[in-house]
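Q: Below you'll find the structure I mean.
Derivation of every value follows stated rules applied to the coordinates shown; laboratory data play no part. Owing to the predicted nature of the structure, the values given are computational and were not obtained by experimental measurement. Note that we place each Cβ from the backbone using ideal geometry, even for glycine, and neighbour counts take in every protein chain shown.
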Amino acid sequence: MVKLSKALGQLRIIAGSWRGRKLAVLDLEGLRPTPDRVRETVFNWLQPHLGQSRCLDLFAGTGALGLEAASRGAGHVSLVELNSKAAMQLRTHCQTLSAEQCEVHLQAATDFLNQHQQQYDIVFIDPPYQSDYWSEVAEQLIATGSLADDALIYLEYPRQLDKPLLPAQWQLIKEKKAGAVNYCLFRNTTE
């Protein structure tokens with residue numbers, strides 16, 4: 001067994017088939033799991049839409065969002081992560097949970113979108129806060145046709161930043177703040 005890195009703590013799956021399962025979180029720069037309280041709210045918003053949905057976690061990191069979606073009934077979850085240690089841990093988590101509906105992609109979010117011609121019902125955008133990927137990835141989701149009609153897009157960004165520039169066809173549905181985080185849910189409209 002290869003030692004990946006020092007463990008930072010644990011991630012707890014909140015609900016669904018893996019409810020209460022705890023998974024190790026690596027101590028890697030920029031890696032910060034979405035807090036339980038925020039995830040609980042977000043998945044309360046998403047629950048009616050999760051059953052057999054196709055989900056995309058573009059900056060998967062710890063897998064907190066993608067694995068929670070899978071636990072709650074998503075039919076397919078693509079976990080995209082650029083850091084090789086984090087991606088290796090995501091693969092380990094998927095094996096531990098027997099998460100056959102999940103696949104891990106070791107690549108940049110923008111490369112993934114250019115190379116995979118699939119449509120998703122739910123997309124999670126939660127890049128490292130020191131990056132400035134929100135607007136670029138949002139535009140690329142539109143340009144590559146990666147969003148299904150009426151797809152839902154979750155966006156998380158630091159409170160000290162202005163809301164990222166987003167496509168005009170994204171309709172804001174929900175928005176909240178928790179600590180240093182703003183988080184929102186959008187619907188991709190075709191109007």
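Q: In debye to the nearest 20, how big a dipole does the stretch 7-188 give about its Cα centre with +1 on each Lys and Arg Cβ and -1 on each Asp and Glu Cβ? Kindly include the intermediate steps, with their values, before the conclusion.
A: Numbers: 17 positive and 20 negative charges, 150 e Å.
Magnitude of the dipole: close to 720 debye.
Q: Let me ask something else about it. Using the Kirkwood formula over every pair of different C-alpha atoms, what hydrodynamic radius in Å results for the chain?
A: Result for the chain stands at 16.5 Å.
Q: So how many Lys-Lys pairs in the chain land under 17 Å Cα to Cα, not counting same-chain pairs under 8 apart?
A: Close lysine pairs under the 17 Å cut-off: 6.
Q: Sticking with this one: Have a look at the DSSP beta bridges in the stretch 1-147 and tell me what percent are antiparallel, nearest 5.
A: On the way: 5 of 18 bridges.
Here the antiparallel bridges make up roughly 30 percent for the stretch 1-147.
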